[in-house]
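Participant: Just passing along the structure, written as structure tokens.
Values quoted throughout were computed directly from the atomic coordinates according to the rules given, and no laboratory measurement underlies them. This one's a predicted model, so the numbers in the text were calculated from it and none came from an experiment. All Cβ positions, glycine included, derive from the backbone under ideal geometry; neighbour counts span all protein chains shown.
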Amino acid sequence: MSRVASPCSPRIPIRLKFNTLVRASSAKSDASLAPPTTRKPAKVPEGTPVIPPQDLASRPRRNRRSSTVRDAFRETILTPSNFIYPIFVHDGDDDIPIGSMPGQSRLGWKTGMINKVREARAAGVNQVVVFPKTPDNLKTPTAEECYNPNGLAQRSISLLKDTFPDLEVYTDVALDPYNTMGHDGMVRSDGVIMNDETVYYLCKQAVSQARAGADVISPSDMMDGRVGAIREALDSEGFTNVAIMSYTAKYNSAYYGPFRDALASAPRPGNEDWKIPLDKAEYQMDPANFRECLREAALDEAEGADILMVKPAGAYLDIIRALKDSTTLPISAYQVSGEYSMLKAAAAAGYLNEEEAVLESLISIKRAGADLTLTYYAVDAAKWIQEL
């Protein structure tokens, strides 16, 4: 009768049997044949238990054991070419520090802007997006200043391209920097944001920016149909090579506060005669929604967008990944003013190592699927990367 081993009988793994044979064979070899070495066995802390190695076929830590190995297997590489540097400009000579964004300023468009972009280029960052601080006296309810061919944005774009012909210049297309009511679109007296009328002016704004030399038009307004309308307007004026980076999934976020402080573009209080919405929930996306971003992405791609953006970045990594998986278009993400200011505040308080935290946040955005990242840390991060 054959004997069947009991489930409780000790079983020796084949690997341990093999190791035992190898050790027995090695013991018979001539130790003097081993090459000489000055290496000494590493010491272990006193009290370390002496135990046999675990029977593990796979030990992932082997692929993390040294900096050389970690560098070789790194899946996501961050470079300065991934960054777009947002710059604030104003119609003056001196740079004006922005209190809510330490280290950032409203740059004088003739000198400060040029100096800052020259610094960025030296660090390897050759893409910028321009945000103008419009003087209050030029703002109107219908924001006509947005398409003024001699406006601050248009002059800044033209000067940048004249000074740095190979610089990639992105723009912002929306009415809030020029609108007395602080909204991305025109506001009706009952508080409704007018869509198609706003899009008409966004097209005029986009064409004026293209004439000034813009390489990429970036509608941030979240009006329906604006990508297709802008594409048609650009093409009809001969700007077929000017690209569109659409703010595809722009959420109604609490992280925009410092940006609105920098441009004085927050919604204004309304009154009984003219209601003004306190926030932008009517047109920006609900932070609770996921599937909606897929609908917006499909529409923007069909209308001719060249790049799809997610804004903000850090709290919406799942949205970045969703768009990356749903399209072949490049994905950009905006590490917004609130994210920047939080990192700055934590670093200033000594709670975080600024360089390590910033680079970790930027690598996470790229790992989620962003090909481009708009970040106020672009210049600093580029310099830190060069020093690694």
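Participant: Holding the Cα-Cα limit at 23 Å, pick out from 133/366; 116/344; 139/275; 133/275; 250/366 the pairs that are longer than that.
Facilitator: Over 23 Å Cα-Cα: 133/366; 133/275.
Participant: Further question on the same structure: Loop-only check: which chymotrypsin sites (Phe, Trp or Tyr not before Pro) in segment 257-351 are DSSP coil with at most 14 other Cβ within 10 angstrom?
Facilitator: Taking segment 257-351 and a limit of 14 other Cβ atoms within 10 Å, the loop chymotrypsin sites (Phe, Trp or Tyr not before Pro) found are 274, 290, 351.
Participant: Enter the Cα centre distance for the pair segment 108-138 and segment 187-256, rounded to the nearest angstrom.
Facilitator: Taking the Cα centre of segment 187-256 as reference, the centre of segment 108-138 is 21 Å away.
Participant: For residue 173, list long-range residues whose amide hydrogen, built 1.01 Å from N in the peptide plane, is under 5 Å from its own amide hydrogen.
Facilitator: 218, 220
Participant: Please go through segment 272-344 and write out the GluC sites (Glu not before Pro) that DSSP classes as loop and that have at most 10 other C-beta atoms within 10 Å.
Facilitator: Numbers: sites: 272, 282, 292, 296, 301, 303, 339; in loops: 272, 282.
Answer by residue number: 272.
Participant: Provide the net charge surrounding residue 145, with neighbours chosen by a C-beta distance below 13 Å and charges set as Lys +1, Arg +1, Asp -1, Glu -1.
Facilitator: 0
Participant: Just in segment 75-182: which GluC sites (Glu not before Pro) are loop by DSSP and have at most 13 other Cβ atoms within 10 Å?
Facilitator: 75
Participant: For segment 80-306, what is the percent of antiparallel DSSP beta bridges, rounded to the nearest 5?
Facilitator: About 20 percent, rounded to the nearest 5.
Participant: While we're here: Can you match semi-axes √(5λ) of the Cα gyration tensor in Å to one of these, (i) 37, 30, 20; (ii) 55, 25, 20; (iii) 42, 21, 19, based on a calculation from the structure here?
Facilitator: (ii)
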